[in-house]
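Have a look at the structure below, then the notes.
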Amino acid sequence: MKSLTLHCSSSTCPCCLSVSESVPSPVHHGDDDDDDEVSRSQDVESDIQAAVPLPPLVEDDFVPDDPRDSPHQYDDQTETIDTTGVLVEERPPEESGESRRDLTSSKFTQEAENQSEAPVEPEPQSGTARETEESEKQAEEKIREKESAKEGKLEEALRAFEALVQQHPQSPRARYGKAQAEDGLAEKLRSNDMLQRSINTYREAAELPDVTSDLLRAALKRRAERQQFLGRMRGSLATLEKLVQIFPEDIGLKNELGVAHLLLGDNKGAKKVYDEVLAVAPSNGFAKVHYGFILKSENKIAESIPYLKEGLESGEPGTDDGRFYFHLGDALQRVGDSSAYHWYELGHKRGHFASVWQRSLYNVDGLKAQPWWTPKETGYTDLVKTLERNWKTIRDEALAVMDQNTGLFIPEEENLREKGEWGQYTLWQQGKKAGTACQGVPKTCSLLERYSEATGCKRGQIKFSVMHPGTHVWPHTGPTNCRLRMHLGLVVPKQGCRIRCTDQTREWEEGKVLIFDDSFEHEVWQDADRYRLIFIVDVWHPELTAYQRQTLSPI
């Protein structure tokens, strides 16, 4: 069973815990090297359905630079990259709003922001300490006045706080102000180095002997948030664990600690945290939706439903998230409960889904939305003609791969099937060739090389799909409205194989292409007496601009 990772690493059919943006650019979090080979078995659709996370969609008002481009050695090295995401709607670049403080955490971690930015009043002191505090306050006020008067010249503010730290090296307030200035400057400069400096300074502020409890909490919470943003997930977890040790009665901190475990793919650790929360706060809605999410990822479908339902009904901050509506509806569908569409409708009314049928979570606004498409409507008629003219060549290569080494067809293992057998052999994924897969079907790959709308589709795949008799694929939806999916029939039994998209059901034909938008709910039945083999080619939605195709994050 795959672990549930809040980030969304994800997927082919949408949903995971873990992000719509102003058409983001790909961004590296953490120090891991990119893997040039794409797994032949990875299916974004199935990953999402299995509650596995999607890749991070980062708004482009602050895109961290790649730590590998800098000689600076960070204090908080980790072995993993930040794969979390916030599933929200993507906006065209011209509509991007003001920058957000935390671009990689989802809604349920952002309320921490308000507390960390609130003015922190130190505890009362006496004598010389009070005089020192007064001088610090006066200096701080002058700095803030200067910063405001000069339209937030953060470089000057940072120099002023550095001088204040030199004057009062044991002052937590001065050190915290320096960390905030570094934090703001990091965003302005889009610099990981500067952001790491602020992370270190937040720690220094928290470790000073006279730090007040409020300032300690604010410094460590902000440190954990910025560590997450840089992909220092283990460092963030350690910071939150320290916070929970210091403030054991704070349920909010424990909930954030649970999220930190999920961001690392540690479902077991997260489940333990939420067990503890629910033991002392059984009505806590935030803990309930996350606990239900974890249960669903463990395929405990019926058990997950009351937690997801009650958590959403609580209306608590952090529960109004499209992923929870998605997974509750999906769980209800799988147990045969028609109230699933009530929750999909609520998710639509809350702005999480484009419609009850179209429930993708990684979206670009304004794209034409319909379940079934004709080749002419897509504008990709040349590609369709090439596939249909050469369908026998494509079929023969696929059959040769199947006959010579069936192990190259990887079973679908992401819990999309109610029953049966379903194998896939992937040639391209996220706009990259999948390892050496093309060596097995060279003519097929050669045919596709000149169609960048397919091979360059970073939010799609090109793959063979073989489905055996007795297979039923649950109703599900893809993760994004940015692609269309072509199905070329290669080996299709005369009866028993069909696909439903929304309320329209169709059948495949050998040598013919079906085109649909898999961000709409679809379902597959294979009740024939032999296997069904098709070739799947995802293409960019035809209304996406060249800029969007270049800058959208891979899925």
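Is it the case that the stretch 503-516 has a residue that's more than 19 Å from residue 424 (Cβ to Cβ), under 22 Å from the mean Cα position of the chain (by Cα) and surrounded by fewer than 18 Cβ atoms within 10 Å (Cβ to Cβ)?
no
Are any residues in the stretch 270-293 buried (at least 16 other Cβ atoms within 10 Å of the Cβ) and not aliphatic (A, V, I, L, M), and if so, which ones?
271, 274, 276, 284, 285, 286, 288, 290, 291, 292, 293
Can you find, within the stretch 196-210, the residue that is modelled with the highest pLDDT among those that are surrounded by fewer than 24 Cβ atoms within 10 Å (Cβ to Cβ) and touching a Pro at 6+ places or on another chain (Cβ under 7 Å)?
Once the filter is applied, the top-ranked residue is 208.
Evaluate the following for residue 265: is it within 26 Å of residue 365 (Cβ to Cβ) and under 20 Å from the mean Cα position of the chain (by Cα)?
On the way: within 26 Å of residue 365 (Cβ to Cβ): no; under 20 Å from the mean Cα position of the chain (by Cα): yes.
Against the criterion (within 26 Å of residue 365 (Cβ to Cβ) and under 20 Å from the mean Cα position of the chain (by Cα)), residue 265 does not qualify.
Scan the stretch 517-548 for residues that are under 29 Å from the mean Cα position of the chain (by Cα), surrounded by 19 or more Cβ atoms within 10 Å (Cβ to Cβ) and of a type outside the set (Val, Ile, Thr) and report the count.
11
For the stretch 364-390, name all the residues that are assigned to a loop (DSSP other than H, G, I, E, B) and of a type in the set (Phe, Trp, Tyr). Step through it out loud before you land on a result.
Quick first cut of the stretch 364-390, residues assigned to a loop (DSSP other than H, G, I, E, B) only: 365-371, 374, 379-380, 390.
Selection gives 380 alone.
Could you check the stretch 324-375 and list, in sequence order, the residues that are open to solvent by 60 Å² or more (accessible area, probe 1.4 Å) and of a type in the set (S, T, N, Q)?
338, 374
In the stretch 213-258, what residues are outside any helix (DSSP H, G or I) and open to solvent by 10 Å² or more (accessible area, probe 1.4 Å)? Full working, then the answer.
Start the filter on the stretch 213-258 by keeping residues that are outside any helix (DSSP H, G or I), which leaves 230-232, 247-250.
Selection gives 247, 248, 249, 250.
Could you figure out which of (1) in a loop (DSSP other than H, G, I, E, B); (2) open to solvent by 20 Å² or more (accessible area, probe 1.4 Å); (3) at pLDDT 95 or above isn't true of residue 310?
The one condition residue 310 does not meet is (1).
Filter the stretch 473-500 for residues that are of a type in the set (D, E, K, R), surrounded by fewer than 22 Cβ atoms within 10 Å (Cβ to Cβ) and touching an Asp or Glu at 6+ places or on another chain (Cβ under 7 Å) and give the result. Before you say what the answer is, go through the steps one by one.
In the first step, residues of the stretch 473-500 are kept if they are of a type in the set (D, E, K, R); the result is 483, 485, 494, 498, 500.
Checking the rest, the ones that are also surrounded by fewer than 22 Cβ atoms within 10 Å (Cβ to Cβ) come to 494, 498, 500.
Passing the criteria: 498, 500.
The values are calculated or read from the model by the stated rules, or taken from the named source; none is laboratory data. Since the structure is predicted, the reported quantities are computational estimates derived from the model, not experimental observations. We place every Cβ from the backbone using ideal geometry, glycine too, and count neighbours over all the protein chains shown. To get the accessible areas, we keep the full protein, side chains included, count just its heavy atoms, and leave off ligands, DNA and RNA. Shrake-Rupley method; radii C 1.70, N 1.55, O 1.52, S 1.80 Å.
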